[in-house]
Amino acid sequence: MDSSAEKFRGLRITSLDEEDDEAELENEPPPAAATSADYEDDEEDEEEAEVTLGFLEKPKRPGLLLRHLFPRRRAAWLDPVNLPSGKSSCCGFCGEPLQFVLQVYAPIEDNSAAFHRTLFMFMCPSMACLRRDQHEQWKHKQGSPCRSMKVFRCQLPRTNAFYSSEPPKRNGSDKPLCAGAPVCHWCGTWKGDKICSSCKKARYCSEKHQALHWRIGHKNDCLQIISSSDASNSVLLAAGKIPVRTPWPEFEIENECEGNYDSDSCDENNSKSLVMQKHGKPDAMTQSWMDQFEVLDPSFFFLADADNRCWASFQERITRAPEQVLR
């Protein structure tokens, strides 16, 4: 029985074309043995790949959060019309709207279809849901498992219906080519497909956000709009103002090349000197790790298994700039 199971594990279903290709490979002479120089060249090529690091900075110009300026902070949808909605915008466990975490403007230069490209990350603020999500991932279930954290990607070509093909001037004259879909008046993130039944002005992505907005002040604005057929502009503006409530402070992600933190020397003090260059002293956890790293014998990296060596190498690399939040 065990031998049969082993045979099934070794089976691989291939197409006729693949079988023909394999037959041709069998008739070809074996490739030359790889030398240590080949591996060294591969490592050099890998080291030469440019890596960009992201660091948190306090907002400098909040007025530049408009979507046509391609910000890296508050959710500004690249495609302002086709927004995620329904279950896509909610936690798969509690069903509440997900909270915006970060967005990264990451275009691909050699892909014309991704001239504009942004990644949006959302998560449920409930720790219970996050733990359930982690438990579900351990199961390795196939299909579409529930998630309390989601990442959306949106990309556009240079010529599109929403933005100018020329880069923004950032002098106050930049304007989007068209209006976007109305968003929730509470979170300012998700599509506002629900309308206040009283004033017909405020929009919401969920009943929960509608209730929160009502308690925080929309109740008074709503009554003023209803009581006056020609409500003043100030009242209408107040009703349409999006408070953008968030449980977390807002920061901007500033990009820097990792090469700015590299050094030619590889002595034991290298990591410490690089850490101190720009972003101050390392935190307690990083310092503890570096102290342990210094007393290890160099032969550790050759004796440890591959996973440990890889992890130690990664830890050593990020200590060059310990305040990085994105790479």
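The table for this structure:
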{"quantity": "Unmet criterion (only one of (1) modelled with pLDDT under 85; (2) among the aromatic types (Phe, Trp, Tyr); (3) assigned by TED's automatic domain parsing to the domain that holds LYS150) for TYR39", "calculated": "(3)"}
{"quantity": "Counted residues, segment 117-138 - those being of a type in the set (Gly, Ala, Ser) and within 16 Å of CYS187 (Cβ to Cβ)", "calculated": "1"}
{"quantity": "Positions within segment 114-158 being in a helix (DSSP H, G or I) and either assigned by TED's automatic domain parsing to the domain that holds SER206 or within 22 Å of THR52 (Cα to Cα) (or both), in sequence order", "calculated": "ALA114"}
{"quantity": "Conditions (1) touching a His at 6+ places or on another chain (Cβ under 8 Å); (2) in a loop (DSSP other than H, G, I, E, B): number failed by HIS218", "calculated": "(2)"}
{"quantity": "Segment 104-151 - residue that is free of Cβ contacts under 8 Å to residues at least 40 places away in the same chain and small (Gly, Ala, Ser) and, of those, farthest from TYR163 (Cα to Cα)", "calculated": "ALA128"}
{"quantity": "Considering residues of segment 119-156 that are small (Gly, Ala, Ser) and modelled with pLDDT of 90 or more only, the residue surrounded by the most Cβ atoms within 10 Å (Cβ to Cβ)", "calculated": "SER148"}
{"quantity": "Some residue of segment 157-166 being surrounded by 11 or more Cβ atoms within 10 Å (Cβ to Cβ), of a type in the set (D, E, K, R) and modelled with pLDDT of 90 or more", "calculated": "no"}
{"quantity": "Residues that are more than 16 Å from PRO84 (Cα to Cα), out of contact with any Leu (no Cβ under 9 Å at 6 or more places or on another chain) and in a loop (DSSP other than H, G, I, E, B), drawn from segment 186-209", "calculated": "CYS196, SER197, LYS200, ALA202"}
{"quantity": "Segment 109-142, residues that are of a type in the set (A, V, I, L, M, F, W, C) and touching a strand residue (DSSP E or B) at 6+ places or on another chain (Cβ under 6 Å)", "calculated": "ALA114, LEU119, PHE120, MET121, PHE122, MET123"}
{"quantity": "Condition met for GLY86 (free of Cβ contacts under 8 Å to residues at least 40 places away in the same chain and closer than 16 Å to SER206 by Cβ)", "calculated": "yes"}
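The values are calculated or read from the model by the stated rules, or taken from the named source; none is laboratory data. Note that this is a predicted model, so its numbers are computed, not measured. Backbone-built Cβ (ideal geometry, glycine too); neighbour counts: all protein chains shown.
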